[in-house]
1. Does V203 qualify as being under 23 Å from the mean Cα position of the chain (by Cα) and within 18 Å of S226 (Cβ to Cβ)?
2. How many residues does the range 125-170 contain that are of a type in the set (A, V, I, L, M) and farther than 21 Å from A220 by Cα?
3. Which residues, taken from the range 193-204, are in contact with a Leu (Cβ under 9 Å, 6 or more places away or on another chain) and farther than 13 Å from W178 by Cβ?
4. State which residue is modelled with the highest pLDDT when the search covers only the range 238-257 and only residues that are within 29 Å of T157 (Cβ to Cβ) and in contact with a helix residue (DSSP H, G or I) (Cβ under 8 Å, 6 or more places away or on another chain).
5. Residue pairs, Cβ under 6 Å, 6 or more apart or interchain, first in the range 171-193 and in a helix (DSSP H, G or I), second within 12 Å of ligand 2 (Cβ to nearest atom) and of a type in the set (A, V, I, L, M). List them.
6. Among the residues of the range 1-26, write down those that are farther than 19 Å from C37 by Cα and acidic (D, E).
7. If I filter the range 9-58 down to residues being aliphatic (A, V, I, L, M) and within 16 Å of ligand 1 (Cβ to nearest atom), which single residue comes out as surrounded by the most Cβ atoms within 10 Å (Cβ to Cβ)?
Amino acid sequence: MKLCTKCNRQKEISAFSYDRSKKDGFCCWCRDCKSKCHRIYRELYSEKIKARSRIYYTTHCDKISIKRKNHYNAHIEQKRAKAKELYKLHPERFKRARDKWTKENPNKARCAVRRWTIANSKRIKQNRENWQRANPQKASQYSKKWRLANPEKVVATVEQYRARKMMAPGTGITERQWKKLMKKYSYLCIYCGQKKKLTIDHVIPLSRGGRHDIDNIVPACRPCNSSKQAKPLRVWLLRGSNAEKFLVPGQSNIELSMGARDNV
Ligand SMILES: [Zn+2]
Ligand SMILES: [Zn+2]
């Protein structure tokens, strides 16, 4: 037993915290008195404490963040389990906090999502494939809907796939570049000048060593594209009816394209 000099009560030794500077190795005040005193101090000087810790944080932020990271990594399993438990107990609280943070840090949030997606790309792919296998009907409906909503992306992706398969050189074309290109040619087929559903045409065909690059790509309708196929542009243009059809000035965008690509 030991006497607490604060509350003047005899208490078990376990009720006192350690203090190496004292003779018997224990604090003079019991734990209850000590914590009460600390609480009062914190309430009285809360502003002062906050200011002090703010200063400490700004001057030692590197050290603190390293320490925090080390601690987190050392206790990663426990931390994760605890976070999961807390999340289950208060999901709304977590969501609210996340939404608030996302709103305040849009750029950071976007970067974090991108980082996470890259780091977990295999898992995401696997999950998606599993889901597609488990829900074939839903998956096909979803993909149909998506393809209808993103026709430009579909065109760009399909051509990208074909170019990669043929091991064509070039950096490819993004959905945005393809949209811009179609706009540049007023959404008309470069060869016949008609407003039809447009496809990617490689002026120098990929099979003849053409690059899968924006400089080698023009928008063309499917009939023109499949009629041209792997023929060199001039050969195709100058054969039969095509010559009269396409080489009349002002009839189509082809002069523009030919002017820019005299080497074709
Ligand atoms: Zn006491
Ligand atoms: Zn056409």
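The values are calculated or read from the model by the stated rules, or taken from the named source; none is laboratory data. The shown structure was predicted, so the numbers you read here are calculated from the model rather than taken from an experiment. Cβ coordinates were reconstructed from backbone atoms using ideal geometry, including for glycine residues, and neighbour counts include every protein chain displayed.
1. no
2. Matching residues across the range 125-170 total 3.
3. Hits for the range 193-204 are Q194, K195, K196, V203, I204.
4. Among them, the one singled out is I254.
5. Hits for this filter: M182/L198.
6. E12, D24 - these are the residues of the range 1-26 that are farther than 19 Å from C37 by Cα and acidic (D, E).
7. A15
Residues checked against (1) of a type in the set (G, A, S); (2) under 41 Å from the mean Cα position of the chain (by Cα):
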{"position": "S21", "(1), (2)": "yes, no"}
{"position": "C27", "(1), (2)": "no, no"}
{"position": "S35", "(1), (2)": "yes, no"}
{"position": "L44", "(1), (2)": "no, no"}
{"position": "A51", "(1), (2)": "yes, yes"}
{"position": "I55", "(1), (2)": "no, yes"}
{"position": "T58", "(1), (2)": "no, yes"}
{"position": "D62", "(1), (2)": "no, yes"}
{"position": "K69", "(1), (2)": "no, yes"}
